[in-house]
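What follows is a short report on a single structure.
We did not get these values from a lab; they are worked out from the coordinates using the rules stated. What you see is a predicted model; the values in this text were computed from it and never measured. All Cβ positions, even for glycine, are placed from backbone atoms using ideal geometry, and neighbour counts span all protein chains on display.
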Amino acid sequence: MKTPGELFDLTGKVAVVTGGSRGIGRAVAEGLAAAGADVVVASRKLENCQKAATEIAGATGRRTLPVACHVGQWEDCDRLVEAVYDEFGRCDVLVNNAGMSPLYDGLPSVTEALYDKVHAVNARGPFRLSALIGTRMAEGDGGSIINVTTAGSLRPNADDLPYAMAKAGLNALTLGLAGAWAPKVRANLVLPGAFDTDITKAWGPDTKARIGTINPMQRIGQPEDMVGVCVFLASDAASYVNGAQVLVDGGFFRTL
């Protein structure tokens, strides 16, 4: 039987993290590397990916690969997969973390372009990456797919409805993937609540403070709060965890 240290050890694994240059993705990418994995940092801007990859490699000693990828574009997803397998020959962990939630002034103001862009980044891209990488995982040694959605997909509001709808689609994708290549490939869902990231910059200090007062943990989430659960789901410690939906919200949505 493996020790706890061995169960959580990701040495020899390769992890791909989309939206990995900042925020939750950046924290998770470094956490996976600290647990022993080589990490692919994927995001839209290559310069940001290179900076994050260099810093992660320096902090952990692991191999890193920066790849520019707009996950909302089908061809970019294909190129990312090819880059990963050309460099490492495998992928053991896929973290579909990239997301976007643009502001709008009332539901009638949502344009077709905004709606399509939000769906493409939050749902369509993860579908394509999961389909390609999950298939290769199943043909190889197996792996873990971790989809980062939002607790708001379970209780949507009118002010971010296209985003919540797209993430709800990602929730459904995850449950479908949990049976697609089992038992070799596991797929799980992580649903963060309010986190202090780029998406929340427009909220202002008053909104963040209000969340802190009504959240049982009395604060807003920080990117590093997502690291532990993602390392767990990526590791052998979660070998019997498949199709799980894990809220990481400080208890805010506990009445669901």
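What does segment 12-54 give for Rg and for Dmax, in Å, if only its C-alpha atoms count?
9.2, 27
Chymotrypsin sites (Phe, Trp or Tyr not before Pro), restricted to segment 176-254: which are DSSP loop and have at most 12 other Cβ atoms within 10 Å? It would help to have the intermediate numbers written out before the result.
Numbers: sites: Trp181, Phe195, Trp203, Phe232, Tyr240, Phe252, Phe253; in loops: Trp181, Tyr240, Phe252, Phe253.
Loop-located and lightly packed - Tyr240.
Amide H neighbours of Val40 under 5 Å, at least 5 residues apart or on other chains, H built in the peptide plane: list them.
Ala15, Val16, Val17, Leu65
Within the chain, count lysine pairs with alpha carbon atoms under 27 angstrom apart where the residues are 8 or more positions apart or belong to different chains.
Total qualifying Lys-Lys pairs in the chain comes to 16.
I'd like the distance separating the alpha-carbon centroids of segment 150-177 and segment 51-126, in whole Å.
If we compute the Cα centre of each part, the gap is 17 Å.
With a cut-off of 8 Å between alpha carbons and a minimum separation of six or more residues, what is the relative contact order of the chain in percent?
Working: 504 pairs, mean separation 50.4, N = 256.
Taking the mean separation of contacting Cα pairs over the length of the chain, I get 20 percent.
With contacts defined as alpha carbon pairs under 8 Å and 6 or more residues apart, what's the relative contact order of segment 1-88 in percent?
Working: 153 pairs, mean separation 21.4, N = 88.
Dividing the mean separation by the residue count of segment 1-88 yields 24 percent.
Could you check which residue among Met165, Met137, Met217 shows the biggest mean-square fluctuation in a GNM of the chain with a 10 Å Cα cutoff?
The residue that fluctuates most here is Met217.
Let me know the charge dipole size of segment 63-158 about its Cα centre in debye, to the nearest 20, where only the beta-carbon of Lys, Arg (+1) and Asp, Glu (-1) is charged. Numbers along the way, then the final one.
Values: 8 positive and 12 negative charges, 59 e Å.
It comes to approximately 280 debye.
Taking the radius of gyration and the Kirkwood hydrodynamic radius from Cα positions alone, what is the Rg/Rh ratio for segment 47-161, to two decimal places? Each step should come with its number before you reach the end.
Details: Rg = 16.5 Å, Rh = 16.0 Å.
Checking Rg against Rh, the ratio lands at 1.03.
Just from its helices, what would the mean residue ellipticity at 222 nm be for the chain, if runs of 4 or more DSSP H residues each count -39500 (n - 2.57) and the sum is divided by every residue, rounded to the nearest 500 deg cm²/dmol?
Details: 9 runs with 104 residues, N = 256.
Here the helix-only value at 222 nm equals -12500 deg cm²/dmol.
Using Cα centres only, tell me the gap between segment 1-39 and segment 180-252 in whole Å.
Result: 16 Å between the Cα centres.
Taking the Cα centre as origin and putting +1 on Lys and Arg beta-carbons and -1 on Asp and Glu beta-carbons, what dipole magnitude results for the chain, to the nearest 20 debye? The partial results should precede the final answer.
Values: 24 positive and 27 negative charges, 65 e Å.
It works out to roughly 320 debye.
With the chain treated as a Gaussian network of Cα nodes joined by springs under 10 Å, which of Val40, Val84, Val110 yields the largest mean-square fluctuation?
Result: Val110 has the largest fluctuation of those listed.
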